[in-house]
Amino acid sequence: MPILDIFSKRQAKLRGEVPDVFVYDSLPQELRVQIVHIFRDSLGDEQEADARGDMVSGAYEFIVNSLCREYGLFKLPGAKDYGRREYVSELFTFILNEKLVERVLDAVELACKIIDIHSRKWEYRHRSNADKEATAALEELNARFQHHGFGYRFEAGDIIRVDSEIVHAEVIKPALTLLHAARFKGAEAEFHQAYEHYRHGRMKESLTDCLKALENTMKSIAATRKWKHDQGATAKPLIDLMFEKQLVPTFWSQHFSALRAMLEAGVPTARNRLGGHGQGTTIVDVPPHFVAFALHQTAAAIVFLAKADSELS
């Protein structure tokens, strides 16, 4: 359904009651209810699950059973006993009442994956405009998140954390789009994993996967162009190779000296000093804002390298 700019929303905007910073650890009840509405519309409701009995009910059963298995439970918390398992009700009760935001996002992510892959097919609910409905549902979810200042989005198959709408639109999303190409699958997996670590507070692991994503991007470019390189090469020799092969043209080299400095001293150094390679006798605490910066650096470097590769004759 389209998002309506109703009177109360317009008045809230006029009063300045619109979130100007993102929150990550609380999920408003209003947003939880809106999520349920979206899933009812896009995955099907209780009546459809009973009537169809195959794809609709199977989708809800898969989500609920997957969560139960991962959490080591037989039923999701709050599930009511109806005499038989009611997967639709069990999932929605969980979304509406679960206190741990990350667990709610687990459910949301699984549901969105099914919307993105299965419900957009005609076979799912026999709807001629199924593809458009699925796209609209995912767009509405992201718009609802943004309206509530909830700092996450569903992008390229995963829930990812958003720290800045501008950075996300101009850097993160283009990086995810470029990495979705088949030859960048390794780098794509590492970049998604870096975000997953970041979302769960595993900051050092996030830095490590930032570096892996950057290195895998350069290795993919080198492999496609048959540039000789060591398969186990680390960031610095790979960066040297990118410049040696004039991925950045020589006559632009001065203009991109800052880029080279960022690639050589930015993400690799962040990981080397704060991520792996041991900590000695002092435990290093990596602040989230630093890891967010490293993620954005990585994404910007990936976008630049991939676009430069596409334009290199």
Which of the helices (runs of 4 or more DSSP H) found entirely inside the stretch 36-152 contain at least 3 residues meeting this: touching a residue at least 12 places away in the same chain (Cβ under 8 Å), surrounded by fewer than 19 Cβ atoms within 10 Å (Cβ to Cβ) and in the same structural domain as residue 26 (by TED's automatic domain parsing)?
46-52, 55-71, 87-97, 101-114, 130-147
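Would you check if residue 217 is of a type in the set (S, T, N, Q), in a helix (DSSP H, G or I) and either assigned by TED's automatic domain parsing to the domain that holds residue 25 or modelled with pLDDT of 85 or more (or both)?
Working: of a type in the set (S, T, N, Q): yes; in a helix (DSSP H, G or I): yes; either assigned by TED's automatic domain parsing to the domain that holds residue 25 or modelled with pLDDT of 85 or more (or both): yes.
So residue 217 fits the description; yes.
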Residues of the stretch 171-216 being under 15 Å from residue 292 (Cα atoms) and either free of Cβ contacts under 8 Å to residues at least 12 places away in the same chain or among the basic types (Lys, Arg) (or both), which ones?
173, 199, 202, 204
Modelled with pLDDT of 95 or more, exposed (fewer than 14 other Cβ atoms within 10 Å of the Cβ) and polar (S, T, N, Q) - does that describe any residue in the stretch 1-20?
no
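Determine whether residue 173 is surrounded by fewer than 15 Cβ atoms within 10 Å (Cβ to Cβ) and assigned to a helix (DSSP H, G or I).
Numbers: surrounded by fewer than 15 Cβ atoms within 10 Å (Cβ to Cβ): no; assigned to a helix (DSSP H, G or I): yes.
No.
The values are calculated or read from the model by the stated rules, or taken from the named source; none is laboratory data. What you are looking at is a predicted structure, and each value in this text was computed from that prediction instead of being measured. FYI the Cβ positions are ideal-geometry reconstructions off the backbone, even for glycines, and counts take in every protein chain you see.
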